[in-house]
Amino acid sequence: MGTQEAGLSDEESPKGEVDRVEVREATEVDGALVGAMARLIPQLSSSNPPPDAVALEAIVSSDASVLLVAIDPAATGEAAILGSMTLVLFRIPTGLRAWIEDVVVDEGARGRGVGEALNRAAIERARRQGATTVDLTSRPSRVVANRLYQRLGFQERSTNVYRLGL
């Protein structure tokens, strides 16, 4: 998997152990990335299938999306990918918008700071690109994720989110 360095994070686990997690931008699609997404996406959504190599290629080659992956530097191949998220950056008349989408951490890696490392890397990337805010949505049932977002400084907005099925 081709990657570019997006940030490093040493995270302390709830047990007091420090885990090393590297966050990188996926820049190429290979079997490890396809396999990791096949493992991760069902943990995020049961209504959408995992992206195949063609769909992943469209994501990593898009100017609007940045696919970030959290890597365990002590592991190799698909097993090294502990989580992922997509940072979407797009221009509108009022400025550069940044959205965090599809954050997922492997069940076996939760509690190791992977989600925090991914979010911090995305926030920093958005800041460097010139965004002044970062938005995301999270279901209320994702209690741990919502606590993380609040701890990182995200504030709940009083807004309506609408969706139209196509």
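Here are some notes:
- Any hit, segment 91-98, residues being closer than 20 Å to residue 24 by Cα, in a strand (DSSP E or B) and out of contact with any Gly (no Cβ under 6 Å at 6 or more places or on another chain): yes
- Members of segment 102-118 found to be more than 19 Å from residue 46 (Cα to Cα) and part of a helix (DSSP H, G or I), listed by number: 109, 114, 115, 116, 117, 118
- Meets criteria (of a type in the set (Lys, Arg) and farther than 28 Å from residue 162 by Cα) for residue 147: no
- Unique match (being β-branched (Val, Ile, Thr) and touching a helix residue (DSSP H, G or I) at 6+ places or on another chain (Cβ under 7 Å)) among 60, 88, 103, 69: 103
- Members of segment 128-166 that are aromatic (Phe, Trp, Tyr), surrounded by 10 or more Cβ atoms within 10 Å (Cβ to Cβ) and part of a loop (DSSP other than H, G, I, E, B): 154
- Considering residues of segment 86-127 that are surrounded by 14 or more Cβ atoms within 10 Å (Cβ to Cβ) and among the polar types (S, T, N, Q) only, the residue nearest to residue 23 (Cα to Cα): 119
Every read-out reported here was derived from the displayed coordinates using simple, explicitly stated rules and does not represent laboratory data. Fair warning: this is a prediction, and the values are worked out from it, not measured in the lab. Note that each Cβ is placed from the backbone with ideal geometry, even for glycine, and that neighbours are counted across all protein chains shown.
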